[in-house]
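S.K.: Before anything else, here's the structure in question.
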Amino acid sequence: MCIFCKIVNKEIPSNVILENKEFLAFHDINPKAPVHILVIPKLHIDSFNEVTGQTMKNMTGFIHDVTKELKIEKSGYRVITNVGEDGAQEVKHLHFHIVGGAKLAWSHLSDADPKGKF
Ligand code: DGP
């Protein structure tokens, strides 16, 4: 069982901020911004590659609720999902990082030449 499935099953503790039947939102153990929340589906899905449009539709509403709960919906935030090896996905259970609480940087994402393919 993956680490996020264990969090869903409460076998591993987490700091939950919101949950419903389908989704769970909890604090990232290694925050990269003043607000750093992970939103996951309770049923295991490996990554964004495997998610259905219906689940994304429901998850979008849930993410909106999370941003309101955190009171960042007006100040702004970033939603990130890492996919696969090049995406630097460490945990193979679909998750969206919700980061905010301060002006976020938009700096370099890769050491590869960004103009290489254009
Ligand atoms: P990613 O690289 O997108 O797969 O990010 C995985 C994130 O999951 C990373 O920011 C740290 C977080 N994380 C890993 N293990 C745990 C855990 O056991 N508890 C919590 N709360 N977060 C975790």
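S.K.: Residue check: is Glu11 within 15 Å of the ligand (Cβ to nearest atom) and under 25 Å from Ser110 (Cα atoms)?
M.R.: Numbers: within 15 Å of the ligand (Cβ to nearest atom): yes; under 25 Å from Ser110 (Cα atoms): no.
It is false that Glu11 is within 15 Å of the ligand (Cβ to nearest atom) and under 25 Å from Ser110 (Cα atoms).
S.K.: Ok, one more. Do any residues in region 24-35 that are under 15 Å from Val91 (Cβ atoms) have Cβ atoms under 6 Å from those of residues that are within 11 Å of the ligand (Cβ to nearest atom) and part of a loop (DSSP other than H, G, I, E, B), where the two are at least six apart or on different chains, and which pairs are they?
M.R.: Phe26/Ser14; Phe26/Asn15; His27/Asn15
S.K.: Residues of region 19-40 being within 15 Å of Thr55 (Cβ to Cβ), of a type outside the set (Asp, Glu) and open to solvent by 70 Å² or more (accessible area, probe 1.4 Å), which ones?
M.R.: Correct list: Lys21 only.
S.K.: Give region 59-85 a look and list any residue that's open to solvent by 50 Å² or more (accessible area, probe 1.4 Å), more than 14 Å from the chain's Cα centre (by Cα) and not charged (D, E, K, R), or say none.
M.R.: Correct list: Ser75 only.
S.K.: I'd like the full set of residues that are away from the ligand (no atom under 11 Å from the Cβ) and not basic (Lys, Arg), limited to region 18-32. First the steps, then the outcome.
M.R.: The first filter runs over region 18-32 and keeps only residues away from the ligand (no atom under 11 Å from the Cβ), leaving 18-23.
The answer is Leu18, Glu19, Asn20, Glu22, Phe23.
S.K.: Considering each residue of region 1-23, count those that are of a type in the set (Phe, Trp, Tyr) and either touching a Pro at 6+ places or on another chain (Cβ under 8 Å) or without any contact (Cβ under 8 Å) to a residue 60 or more places away in the chain (or both), and give that number.
M.R.: Selection size over region 1-23: 1.
S.K.: Now a separate question. What are the residue pairs meeting all of these: first residue in region 56-73, first residue more than 11 Å from Ile40 (Cα to Cα), second residue part of a helix (DSSP H, G or I) and open to solvent by less than 10 Å² (accessible area, probe 1.4 Å), Cβ atoms under 8 Å, and 6 or more apart or on different chains?
M.R.: Pairs found: Glu73/Thr67.
S.K.: While we're looking at this one, here's another question. Of the residues that sit in region 64-118 and are at pLDDT 95 or above and of a type in the set (Asp, Glu), which one is farthest from the ligand (Cβ to nearest atom)?
M.R.: Glu73
The values are calculated or read from the model by the stated rules, or taken from the named source; none is laboratory data. Because the structure is predicted, anything quoted here is derived from the model rather than measured. Positions of Cβ are generated from backbone atoms using ideal geometry, with glycine treated the same way; all protein chains shown enter the neighbour counts. Ligands, DNA and RNA are stripped out before the accessible areas are found, and what is left, the full protein with its side chains, is counted by its heavy atoms. Shrake-Rupley method; radii C 1.70, N 1.55, O 1.52, S 1.80 Å.
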